[in-house]
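One structure is given here, and the rest of the page talks about it.
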Amino acid sequence: MIMPLLQGLKITFLHMFKKPVTLQYPDERPNVVPNFRGLHGLKVSHERAKCVACYLCPTVCPAKCITVEAGEDANHDKFAARYEIDMLRCIFCGYCVEACPVDALKMTQEFELASYKREDFVFVKERLLEKK
Amino acid sequence: MDALLALPPMYYVAMVAKVLIAFVFVLLTVAYATYAERKVIGFMQVRLGPMRTGWYGLLQPIADGLKLFFKEEVVPKQASTFAFLIAPLIALVPAFISFAVIPFGGNVEVFGYTIPLQIASVYDPTVGRVLDLNVGVLYILGMASLGVYGIVLAGWSSNSKYSLLGGLRASAQMISYELAAGLAIVSIFLMSGSLSLNQIVADQAGAFGVAGWYLFRNPFTFLAGIIFFICSIAEINRTPFDLPEAETELVSGFCTEYSSMKYAMFFMAEYANMVTVCAVTTTLFLGGWHGPAFLPGWMWFIAKVYFLIFCCMWIRATYPRYRYDQLMRLGWKVFLPITLVNVVATALWIMVVG
Ligand code: SF4
Ligand code: SF4
């Protein structure tokens with residue numbers, strides 16, 4: 001009955017000399033793995049967003065947080081006139097990236113999304129493009 | 001009264017100085033015990049503990065104190081106000097005054113006047129030895145049991161079910177473990193033949209060093225020492241015996257309704273109790289302030305007390321909390337019989353071995 005108790009004491013004592021795993025966050029940065037699912041980014045090619053406003057991502061999104069409105073440009077090409085993701089509802093599942101037929105969407109390693117205002121969590125097209 | 005005032009003036013100066021030093025020492029230890037506890041437990045869980053308040057988090061206790069100081073005082077409407085307000089004090093004071101009889105060093109000589117480093121004592125040049133409270137151990141036991149009133153009052157006066165349950169648990173637990181702790185000390189009485197802490201410490205000095213400590217004198221006092229320490233931890237409600245404030249069941253137990261400095265007082269009482277218990281264990285079992293001569297006695301005393309405090313934290317980092325029936329079973333069915341037999345065994349040992 002006493003030996004297991006002493007065993008426990010020994011384990012905690014030995015752990016005291018192990019190197020702590022704590023990451024001192026603002027000073028030390030974590031290693032974000034490449035396939036991390038962070039903030040979305042709209043890919044750019046030929047000086048414009050690749051998105052063709054096909055509505056597949058808002059359809060597949062389980063949280064229903066993507067809003068797309070199509071527009072037509074001078075070449076009669078479809079493009080996303082409005083593209084918004086509500087980060088407060090997004091669950092970072094990555095289905096939108098999977099669904100996109102033209103590979104216009106990606107997820108970045110950006111994870112510091114805290115903000116003071118609700119409105120700031122709605123990422124509009126311009127803000128998503130910046131993080132390309 | 002005349003006898004009290006007849007002592008030389010140096011006595012009163014020394015007394016005030018000793019009280020101040022001991023009080024400040026305990027207060028500082030209490031403040032930094034919270035820090036040390038978080039650090040020690042942190043490292044045992046492969047974490048760092050507080051790091052960001054001051055250098056390596058050293059200002060954390062001060063920051064915590066300031067924060068608690070500026071918190072809002074909440075007194076529940078349904079509470080019994082007077083008892084509610086006085087309870088933290090009743091918990092805090094006994095924790096501190098036990099230190100009055102604990103010898104924390106040898107005699108020091110100031111301007112030809114010998115001062116024993118024990119608050120409630122005086123050096124009598126006519127007899128050539130230190131006179132102190134001749135029932136010191138009983139005084140400590142008495143003060144330790146007074147502490148429970150604070151907790152029970154807090155639990156009852158808060159008028160909340162969690163507090164009441166916490167207070168009830170505290171009283172039952174403290175009373176059951178006090179018995180075993182008291183019986184464990186009886187073995188020491190048998191060895192020392194005295195209740196005065198000064199005598200007990202002097203008896204442990206001897207020429208054999210560590211072997212002179214009561215803990216290592218014979219197997220039965222060793223057992224008594226271990227049981228006394230465990231029972232003391234149970235008596236001051238520390239993990240793994242912290243049922244009166246079991247967060248998982250009772251929110252925060254008896255201090256659920258407390259806030260601000262009143263809450264801080266309970267916390268201080270808990271840590272001050274820990275310091276006191278460690279000091280008592282040091283005095284009774286670890287040879288008090290005696291140690292190799294290269295360090296002064298009070299340093300040995302502090303070192304031993306801090307080692308025991310470390311043990312308390314170590315135990316806290318290791319064991320999960322007992323269930324209440326397990327706790328009671330341990331107290332009444334394991335520790336009490338063992339200590340009872342132990343008293344007899346110690347007596348036989350003294351009779352046979354001498
Ligand atoms: S990651 Fe998932 S929840 Fe977030 S926008 Fe894409 S599909 Fe919707
Ligand atoms: S699936 Fe791709 S192309 Fe279609 S709307 Fe979404 S981002 Fe644009």
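The values are calculated or read from the model by the stated rules, or taken from the named source; none is laboratory data. Please read these numbers as outputs of a predicted model, since none were measured by experiment. Note that we place each Cβ from the backbone using ideal geometry, even for glycine, and neighbour counts take in every protein chain shown. Calculation scope for accessible area: heavy atoms of the full protein, side chains included, ligands and nucleic acids excluded. Shrake-Rupley method; radii C 1.70, N 1.55, O 1.52, S 1.80 Å.
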* To do: Report the residues of segment B:191-235 in range of a label on B:Ile350: point 7 Å along Cα→C-beta, backbone N strictly under 11 Å from it.
  => B:191-195
* To do: Name the residue, out of A:Gly94, A:Gly41, A:Gly71, whose mean-square fluctuation peaks in a Gaussian network model built on chain A with Cα pairs under 10 Å.
  => A:Gly71
* Asked: So how do B:117-126, B:180-189 stack up, highest first, on mean other-Cβ count within 10 Å?
  -> B:180-189, B:117-126
* Structure fact -> Interface call, segment A:14-56: threshold 40 Å², probe 1.4 Å, accessible heavy-atom surface of protein chains, chain by itself vs complex, result A:His15, A:Met16, A:Pro20, A:Thr22, A:Gln24
* What lysines could a cross-link reach from B:Lys161, if we take a straight Cα to Cα line under 21 Å and drop same-chain neighbours fewer than 8 places away? -> B:Lys77, B:Lys262
* Asked: Just counting partner chain Cβ atoms within 10 Å, what average do the residues of peptide B:41-48 show around their Cβ?
  -> 5
* Measure off, as a whole percent, the carbon and sulfur share of the 1.4 Å-probe accessible area of segment A:33-128, all protein chains present. => 53
* Asked: Roughly how much of B:Leu195 is accessible, in Å² to the nearest 10, using a 1.4 Å probe?
  -> 40
* Within segment B:44-82, what residues put their amide N at less than 15 Å from the label point 7 Å along the Cα-to-Cβ vector of A:Lys19? -> B:46-48
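Which value, in debye to the nearest 20, gives the size of the charge dipole of segment A:33-128 about its Cα centre, when Lys and Arg are +1 and Asp and Glu are -1 at the Cβ? Show your work: numbers first, answer last.
Numbers: 13 positive and 14 negative charges, 42 e Å.
With Lys and Arg at +1 and Asp and Glu at -1, about 200 debye.
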* Each residue of segment B:315-324 in turn: what ³J(HN,Hα) in whole Hz from Karplus with 6.51, -1.76, 1.60 and θ = phi - 60°, glycine and Pro shown as x? -> 4, 5, 6, 9, 9, x, 6, 6, 7, 5
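So with the 1.4 Å probe, I'd like the accessible area per residue for the protein assembly as shown, rounded to whole Å². Provide the component values of the computation, followed by the final result.
Values: 25340 Å² over 486 residues.
Ligands and nucleic acids excluded, the figure is 52 Å² per residue.
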* Asked: How large is the charge dipole for chain B, taken about the Cα centre, if only the Cβ atoms of Lys, Arg (+1) and Asp, Glu (-1) carry charge, to the nearest 20 debye?
  -> 760
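Quick one: length gained pulling B:Asp325 to B:Arg129 fully straight, 0.36 nm per residue minus the C-alpha distance? Don't skip to the answer; put the middle values down first.
Values: separation 196, 0.36 × 196 = 70.56 nm, distance 4.85 nm.
Computed gain between B:Asp325 and B:Arg129 is 65.7 nm.
Keeping the other protein chains in place, figure out the carbon and sulfur percent of the accessible area of chain B, with a 1.4 Å probe. Before the final figure, lay out each step's value.
Values: 11930 of 16380 Å².
Answer for chain B: carbon and sulfur cover 73 percent of the accessible area.
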* Structure fact -> Between A:Lys64 and A:Arg29, the FRET efficiency computed from the C-beta separation at R0 = 35 Å comes out, to the nearest 0.05, as 0.60
* To do: Using amide H atoms built 1.01 Å from N in the peptide plane, name the residues 5+ places from A:Leu105, or on other chains, whose amide H lies under 5 Å from its own.
  => A:Lys43
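What number in nm² do you get for chain B if you take the convex hull of its Cα atoms and divide its surface by four?
Values: hull surface 81.3 nm².
One quarter of the hull surface, i.e. the mean projection, equals 20.3 nm².
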* **Entries of A:Lys50/A:Lys117; B:Lys71/B:Lys304; B:Lys18/B:Lys71; A:Lys43/A:Lys78; B:Lys18/B:Lys39 with Cα pairs more than 26 Å apart** => A:Lys50/A:Lys117; B:Lys71/B:Lys304; B:Lys18/B:Lys71; B:Lys18/B:Lys39
* Which residues in segment B:162-192 place their backbone N less than 16 Å from a point set 7 Å from the Cα of B:Gln78 along the Cα-to-Cβ direction? -> B:162-167
* Asked: B:Thr114's amide H: which non-local residues (gap 5+, or another chain) put their own amide H closer than 5 Å, with H modeled 1.01 Å from N in plane and none for Pro or chain starts?
  -> none
* Asked: Once phi is turned into θ = phi - 60°, what whole-Hz ³J(HN,Hα) does the Karplus curve with 6.51, -1.76 and 1.60 give for every residue of segment B:79-96, x standing for Gly and Pro?
  -> 6, 7, 4, 4, 4, 4, 6, 7, 4, x, 5, 5, 6, 7, 4, x, 4, 8
* Structure fact -> Across B:52-63, the residue-averaged tally of Cβ atoms belonging to other chains within 10 Å stands at 0
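What 222 nm value per residue comes from the helices of chain A, counting each DSSP H run with n ≥ 4 as -39,500 (n - 2.57) and dividing by all residues, nearest 500 deg cm²/dmol?
Values: 4 runs with 30 residues, N = 132.
-6000 deg cm²/dmol, from helical runs alone.
Would you kindly work out the equivalent ellipsoid of segment A:1-108 from its C-alpha gyration tensor and give its semi-axes, the square roots of five times the eigenvalues, largest first in whole Å?
Gyration-tensor ellipsoid for segment A:1-108: 50, 16, 10 Å.
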* How far, in nm, would the chain grow between B:Thr248 and B:Ile86 when pulled straight, counting 0.36 nm per residue and subtracting the alpha carbon separation? -> 55.6 nm
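Considering only DSSP states other than H, G, I, E and B, which trypsin sites (Lys or Arg not before Pro) in segment A:1-75 qualify as loop sites with at most 12 other Cβ atoms within 10 Å? Mind showing how you got there, number by number?
Numbers: sites: A:Lys10, A:Lys18, A:Arg37, A:Lys43, A:Arg48, A:Lys50, A:Lys64; in loops: A:Lys18, A:Arg37, A:Lys43, A:Lys50, A:Lys64.
Here the sparse-neighbourhood loop sites are A:Lys18, A:Lys64.
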* Structure fact -> Asserting the computed 222 nm helical MRE of chain B (DSSP H runs at least 4 long, -39500 (n - 2.57) per run, divided by residue count, to nearest 500) equals -21500 deg cm²/dmol
